[in-house]
Amino acid sequence: MKMLLRSGNHSEPGLFEQVMAKLGSSLWMDIEWVKPDPGSGRAGTFIRDVELVRMADLVLCFFSGTEISGGTAHVVEKAIDLEVPVYAYGFDGSTFHRIGEHDPDNRWGDVLWA
């Protein structure tokens, strides 16, 4: 099993991504960092997100609070556009809550919530 995580070209992955990489490694997952093409500028981050979603069987997105916003909201949008199941979670400071999903065929619902 492989975990795909976003990273920039010239910066370290964010703290959340680093924690997820450690968690995935501890669960014997292969970790793959998906970066924008070098020299692609700001548009490269959006293209990277599309490629990441295309490579995925399932997309899990995490947000601070209950609003789906920012760059990660773009990942949610692309997952919906490309018909890849996506689940979004918000963090209220102590607990994660599911704040949205798009999985019309319930490909993952029974697996994630069994």
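The values are calculated or read from the model by the stated rules, or taken from the named source; none is laboratory data. If you're wondering where the values come from, they're calculated on a predicted model, not measured in any experiment. Positions of Cβ are backbone-derived with ideal geometry, glycine not excepted, and every protein chain shown enters the neighbour counts.
Overview of values
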item	result
Failed criterion for D30 (all others in (1) modelled with pLDDT of 90 or more; (2) under 28 Å from G93 (Cβ atoms); (3) among the acidic types (D, E) hold)	(2)
Search result, residues across the range 1-26 that are among the hydrophobic types (A, V, I, L, M, F, W, C) and under 21 Å from V86 (Cα atoms)	M1, M3, L4, L5, F16, V19, M20, A21, L23
